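Asker: Take a look at this one; I'll ask things after.
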Amino acid sequence: MRSLTVIGKNLYACENILDFGCGCARVLRYFHDHPESCHFVGTDIDPEAITWCRSRLPFATFGVNDRLPPLPFPAATFDLIYGVSVFTHLDEDYQLAWLNELRRVAKPGGTLMLSVHGTYAQAIASQERIFATGDLETLGDKGFLFQVLETGRFKRDGLPDFYQCAFHTERYVRETWSEFFTVQDYVERGINDHQDLVLLTRR
């Protein structure tokens with residue numbers, strides 16, 4: 001969470017933290033030594049993953065969410081919300097619905113960290129011939145592209161049909177996501193040197 005320092009934030013200064021789309025806690029598990037003042041919550045659509053998390057990571061609270069809002073939390077609950085490799089797989093309607101819901105559960109002034117497939121991921125997809133005819137033109141014009149994939153590196157087997165592959169441009173993120181949040185920063189390859197990182201604040 002060193003990226004938080006870009007906007008002058010400290011992870012362990014946050015009281016309530018949400019891992020949105022936590023899966024098997026691939027990120028959250030690293031915070032097992034957090035101070036008692038921090039309360040971590042993980043939520044995901046995969047009940048099997050949540051069952052695993054509950055049995056092995058007692059330091060956090062876990063729950064199953066539906067594919068669309070709402071989340072089972074009161075408004076203005078979380079100081080920090082992060083979602084790694086979630087908005088990289090949802091279509092535009094789902095994304096807008098979840099951005100609105102994450103705004104609801106974020107505290108005023110709260111921070112969000114969300115990853116997207118940006119320029120680097122798009123270059124890899126081009127090399128692997130993932131894009132169909134006209135896809136790059138659509139991405140360039142609109143700034144957003146959602147693909148339903150049959151095969152290939154970006155296909156996620158075993159996940160719901162609605163969970164496919166999405167690509168964003170920085171321009172699209174800054175213009176569209178700013179309807180919900182203040183876009184504090186956009187860091188290319190800011191997540192694992194692969195996905196782009198978007199840092200947001202609830203107004």
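The values are calculated or read from the model by the stated rules, or taken from the named source; none is laboratory data. Owing to the predicted nature of the structure, the values given are computational and were not obtained by experimental measurement. Here the Cβ positions follow ideal geometry from the backbone for every residue, glycine too, while neighbour counts run over all protein chains shown.
Asker: When you look at Glu175, is it at pLDDT 95 or above, acidic (Asp, Glu) and part of a strand (DSSP E or B), yes or no?
Answerer: Against the criterion (at pLDDT 95 or above, acidic (Asp, Glu) and part of a strand (DSSP E or B)), Glu175 does not qualify.
Asker: Still on this model: Considering only residues that are within 19 Å of Phe73 (Cα to Cα) and either of a type in the set (Ser, Thr, Tyr) or assigned to a helix (DSSP H, G or I) (or both), which ones fall in segment 38-50?
Answerer: Across segment 38-50, the qualifying residues are Thr43, Pro47, Ile50.
Asker: Name the residues in segment 113-138 that are assigned to a strand (DSSP E or B) and out of contact with any Gly (no Cβ under 8 Å at 6 or more places or on another chain), would you?
Answerer: Listed by number, the list holds a single entry, Val116.
Asker: Of the residues Ala125, Ala121, Ala97, which is hydrophobic (A, V, I, L, M, F, W, C) and either touching a Ser or Thr at 6+ places or on another chain (Cβ under 9 Å) or under 18 Å from Leu80 (Cα atoms) (or both)?
Answerer: Of the residues listed, the single one that is hydrophobic (A, V, I, L, M, F, W, C) and either touching a Ser or Thr at 6+ places or on another chain (Cβ under 9 Å) or under 18 Å from Leu80 (Cα atoms) (or both) is Ala121.
Asker: How many residues does segment 127-139 hold that are modelled with pLDDT of 90 or more and surrounded by 12 or more Cβ atoms within 10 Å (Cβ to Cβ)?
Answerer: Here the count works out to 4.
Asker: Can you tell me which residues in segment 12-25 are modelled with pLDDT of 95 or more and surrounded by fewer than 14 Cβ atoms within 10 Å (Cβ to Cβ)?
Answerer: Glu15
Asker: List the pairs whose first member sits in segment 10-23 and is on the phi > 0 side of the Ramachandran plot, whose second member is in a loop (DSSP other than H, G, I, E, B) and aliphatic (A, V, I, L, M), and whose Cβ atoms are under 8 Å apart, counting only residues at least 6 apart or on separate chains?
Answerer: Gly21/Ile45; Gly21/Val84; Gly21/Val86
Asker: From Tyr94, Tyr82, which residue is part of a strand (DSSP E or B), under 19 Å from Ile45 (Cβ atoms) and of a type outside the set (A, V, I, L, M, F, W, C)?
Answerer: Tyr82 is the lone residue from the list that is part of a strand (DSSP E or B), under 19 Å from Ile45 (Cβ atoms) and of a type outside the set (A, V, I, L, M, F, W, C).
Asker: Can you tell me which residues in segment 46-84 are touching a strand residue (DSSP E or B) at 6+ places or on another chain (Cβ under 9 Å), closer than 19 Å to Asn100 by Cα and either charged (D, E, K, R) or modelled with pLDDT under 95 (or both)?
Answerer: Listed by number, the list holds a single entry, Asp79.
Asker: Quick one: which residue in Asp66, Asp79, Asp46 is surrounded by 20 or more Cβ atoms within 10 Å (Cβ to Cβ), touching a residue at least 12 places away in the same chain (Cβ under 8 Å), acidic (Asp, Glu) and over 21 Å from Gln195 (Cα atoms)?
Answerer: Of Asp66, Asp79, Asp46, the one residue that is surrounded by 20 or more Cβ atoms within 10 Å (Cβ to Cβ), touching a residue at least 12 places away in the same chain (Cβ under 8 Å), acidic (Asp, Glu) and over 21 Å from Gln195 (Cα atoms) is Asp79.
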